[in-house]
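The values are calculated or read from the model by the stated rules, or taken from the named source; none is laboratory data. Please read these numbers as outputs of a predicted model, since none were measured by experiment. Heads up, the Cβs are rebuilt from the backbone with ideal geometry, glycines too, and the neighbour counts pull from every protein chain shown.
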Amino acid sequence: MSSDWAIAVDKSVALSVEDVYRAWLEPALVKRWMAPGTMRVSEPTIDARPDGEWQLVMIDVDGSPHKASGKYTSLTEPSALALTWAWDGGHYTTQITVTIDAGANGKTDVCLEQRGFPSMDVAQSHEAGWAGCLDKLGKLQLDS
């Protein structure tokens, strides 16, 4: 099975570059935005270092859990990070690269690229999910 499908999702957010970077790596912040729609994240675990592992469980409104995990492959504070992503029980692992840059009007540009999907349908589903997550990230209110 080919794993050549990829997505890219971009969002400008009213957070600093440093705060966006923190939002990817601090469990209390991850919990507030890294699940699309009405889903929520229960207790994420994060070992934010190269080869460090991360894990989270997204809980759907009906209570069904969706567990994802992976490893950090690169951390370049505060401008970029890369990690692997695998769903519990899934048969593929994807690679995610996030770049974080100062944008126009005091906003921060976030670009997420994810590669290695087994099909276009799976890629498109993740693209919609990440768009929803980044919308939530854009609404975060942080006390820096």
Just the residues that are over 16 Å from Ala86 (Cβ atoms) and touching a strand residue (DSSP E or B) at 6+ places or on another chain (Cβ under 8 Å), please, taken from the range 48-65. Ala48, Arg49, Pro50, Ile59, Asp60
Could we say that Glu18 is acidic (Asp, Glu), over 16 Å from Cys133 (Cβ atoms) and modelled with pLDDT of 95 or more here? yes
Quick one: which of Ala82, Ala23, Ala102, Ala35 is surrounded by fewer than 17 Cβ atoms within 10 Å (Cβ to Cβ) and within 23 Å of Leu140 (Cα to Cα)? Ala102
Unmet criterion (only one of (1) touching a residue at least 24 places away in the same chain (Cβ under 8 Å); (2) assigned to a strand (DSSP E or B); (3) among the polar types (S, T, N, Q)) for Ser3: (2)
Could you give me the residue pairs with C-beta distances under 9 Å whose first residue belongs to the range 129-144 and is under 16 Å from Ile7 (Cβ atoms), whose second residue is assigned to a helix (DSSP H, G or I) wherever it lies, and which are 6+ apart or on separate chains? Cys133/Trp33; Leu134/Trp33; Asp135/Trp33
Which members of the range 68-79 meet the condition of being surrounded by 14 or more Cβ atoms within 10 Å (Cβ to Cβ) and among the β-branched types (Val, Ile, Thr)? Thr73
Within the range 105-115, can you find the residues that are more than 15 Å from the chain's Cα centre (by Cα) and surrounded by 14 or more Cβ atoms within 10 Å (Cβ to Cβ)? Lys107, Thr108
Scan the range 87-126 for residues that are small (Gly, Ala, Ser), more than 16 Å from Asp19 (Cβ to Cβ) and part of a loop (DSSP other than H, G, I, E, B) and jot them down. Gly89, Gly90, Ser119
Got at least one residue in the range 52-59 being in contact (Cβ under 8 Å) with a residue 40 or more places away in the chain, crowded, with 16+ Cβ neighbours inside 10 Å and in contact with a helix residue (DSSP H, G or I) (Cβ under 9 Å, 6 or more places away or on another chain)? no
Of all residues in the range 39-53, which are modelled with pLDDT of 95 or more and either in contact with an Asp or Glu (Cβ under 6 Å, 6 or more places away or on another chain) or within 22 Å of Leu142 (Cα to Cα) (or both)? Met39, Arg40, Val41, Pro44, Thr45, Ile46, Asp47, Ala48, Glu53
Looking at (1) touching a Phe, Trp or Tyr at 6+ places or on another chain (Cβ under 8 Å); (2) at pLDDT below 95, which is the one condition that is false for Met120? (2)
Within the range 66-77, is even one residue of a type in the set (A, V, I, L, M, F, W, C), touching a residue at least 24 places away in the same chain (Cβ under 8 Å) and in contact with an Asp or Glu (Cβ under 7 Å, 6 or more places away or on another chain)? no
I'd like the residue in the range 90-99 that is in contact (Cβ under 8 Å) with a residue 12 or more places away in the chain and surrounded by fewer than 16 Cβ atoms within 10 Å (Cβ to Cβ) and, out of all such residues, is farthest from Ser3 (Cα to Cα). Thr99
